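Reviewing the structure listed below.
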Amino acid sequence: MIKLGFVVAEFNRDITHQMEILGREHAEFLGAEVARTIMVPGVYDMPLAVKRLAERGEIDAVVTIGCVIQGETGHDEIVAQQASRKIMDLALEFDKPVTLGISGPKMSRPDAHSRIDYSKRAVEAAVKMVRRLEGV
């Protein structure tokens, strides 16, 4: 069974909670198990938690879950770009799939609610990558 680690942002928790539930349901549907979950304050805080999970031998892939909503400055773009770049770097560093279930930037709160399924996509990508990389 594929074992996933989840890193979930607490910021905008009304949205990320729904994303986490959908992600867990989809993992079960795909025959994967969410073995560990680390809650972090926000998307910007994810890379260290991703690293800790990626270091664990029993975790086959890490799924990030969060949303970055646009504010009055360009802060949302910086947060999303920097976090996603480091998350990608960690996948390569640990030779393990790390998928991006983060919606945003340049997104309103209603947009974020309509994109909670991003977590399902991230879970599906993680499971597919583990299966496709087996034996390669």
*For the chain, report the convex hull volume of the alpha-carbon atoms normalised per residue, in Å³, without decimals.*
88
*Only Lys, Arg, Asp and Glu count, each charged at its Cβ (+1, +1, -1, -1), so figure out the dipole size of the chain about its Cα centre, rounded to 20 debye.*
180
*Running Debye on the stretch 60-136 with equal point scatterers at the Cα sites and no solvent, what base-10 log of I(q)/I(0) appears at q = 0.18, 0.21 Å⁻¹?*
-0.73, -0.91
*Residue-span extension gain [Glu72 to Val136] - 0.36 nm each, minus C-alpha spacing*: 18.4 nm
*Before rounding to the nearest 500, sum -39500 (n - 2.57) across all DSSP H runs of length at least 4 in the chain and divide by the residue total; then give [θ] at 222 nm in deg cm²/dmol.*
-16500 deg cm²/dmol
*Between Glu93 and Met1, 0.36 nm times their residue separation minus their Cα-Cα distance comes to what?*
30.8 nm
_Built amide H within the under 5 Å cut-off of Phe6, gap 5+_ = Arg36, Thr37, Ile38, Val63
*Please compute the net charge surrounding Gln70, taking Lys and Arg as +1 and Asp and Glu as -1 over other residues with Cβ under 15 Å from its Cβ.*
-1
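By DSSP, what percent of the beta bridges with both residues in the chain are antiparallel, rounded to the nearest 5?
0
Here, each number is a calculation from the coordinates, and none is a lab measurement. Keep in mind that this is a model prediction, so the values were computed, not measured. Heads up, the Cβs are rebuilt from the backbone with ideal geometry, glycines too, and the neighbour counts pull from every protein chain shown.
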